[in-house]
1. Whole-Hz ³J(HN,Hα) for each residue in the stretch 34-39, computed from phi via Karplus 6.51 cos²θ - 1.76 cosθ + 1.60 with θ = phi - 60°, x for glycine and proline: what do you get?
2. Please give the direction-averaged projected area of the C-alpha convex hull for the chain, in square nanometres with one decimal.
3. Calculate the dipole size of the stretch 2-115 relative to its Cα centre from +1 charges on Lys and Arg beta carbons and -1 charges on Asp and Glu beta carbons; express the result in debye to the nearest 20.
4. Considering the options I53, M107, A94, tell which one lies farthest towards the positive end of the dipole of the chain, charges being +1 on Lys and Arg and -1 on Asp and Glu at the Cβ, about the Cα centre.
5. Please give the contour-minus-distance gain from M1 to D62: 0.36 nm per residue of separation, less the Cα-Cα distance, rounded to one decimal in nm.
6. With θ taken as phi - 60° and the coefficients 6.51, -1.76 and 1.60, list the Karplus ³J(HN,Hα) couplings across the stretch 12-21 in order, rounded to whole Hz; mark glycine and proline as x.
7. Under a cut-off of 21 Å between alpha-carbon atoms, report the lysines in cross-link reach of K96, not counting same-chain residues fewer than 8 places apart.
8. For the chain, with every protein chain kept in place, what is the accessible area per residue (1.4 Å probe, Å²)?
Amino acid sequence: MDVLIHFFVGLHIIGIAALLGGFLTQMSAIKQGNARFNKAMLHGALTMLVTGIALVGLNQADDNTVNNIKIGVKLAVLIVVLGIVYVKRDEETAEKGLFAAVGGLTMANIFIAVLWT
Ligand code: HEM
């Protein structure tokens with residue numbers, strides 16, 4: 001079971017790489033005002049949701065304690081990010097503030113994951 005859990009943590013990390021990586025590729029576009037939400041961000045956010053839920057299930061099945069408040073906060077932040085990226089996925093250019101908010105919330109989620117022990 002441990003190998004399976006670690007495998008899903010690996011997939012979870014691939015998800016955040018796509019979400020944050022998709023955001024970072026738009027950094028210079030943000031300055032020019034023509035950044036857009038891209039497929040890497042959408043698929044990365046979806047991967048985080050699916051692998052996160054799987055990790056909760058796998059940890060519970062293995063009788064590991066899961067910090068439900070931390071997971072709840074990460075889930076709430078991710079739902080906001082996913083909602084924005086999904087709704088705006090077809091827009092040619094994203095509003096600067098909204099785009100920056102998605103990047104900020106994504107980074108906040110990373111620090112919640114690693115600093116909340
Ligand atoms: C962008 C959003 C997210 C980020 C950046 C993130 C990040 C991480 C990281 C870095 C880890 C490995 C370190 C650790 O064990 O704490 C992890 C583990 C985990 N994540 Fe996430 N996560 C996100 C969203 C979610 C969501 C939405 C869920 C559940 C619905 C979730 C559930 C879990 C679980 C169960 C683990 C392993 C158990 C634990 O040690 O807490 N994550 N996450």
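The values are calculated or read from the model by the stated rules, or taken from the named source; none is laboratory data. What you are looking at is a predicted structure, and each value in this text was computed from that prediction instead of being measured. Quick reminder, even Gly has a Cβ in these numbers, built from the backbone with ideal geometry, and neighbours come from all protein chains shown. Surface accessibility is based on the protein's heavy atoms, side chains included, excluding ligands, DNA and RNA. Shrake-Rupley method; radii C 1.70, N 1.55, O 1.52, S 1.80 Å.
1. For the stretch 34-39, the Karplus-derived couplings read 10, 5, 9, 5, 10, 5 Hz, x marking Gly and Pro.
2. The directionally averaged projection comes out at 7.0 nm².
3. 380 debye
4. In the chain, that residue is A94.
5. Fully extending the segment from M1 to D62 adds 21.2 nm.
6. Rounded to whole hertz, the list is 4, 6, 4, x, 5, 4, 5, 5, 6, x.
7. Answer for K96, where 21 Å is the Cα cut-off: K31, K39, K88, listed by chain and number.
8. Per-residue value: 59 Å².
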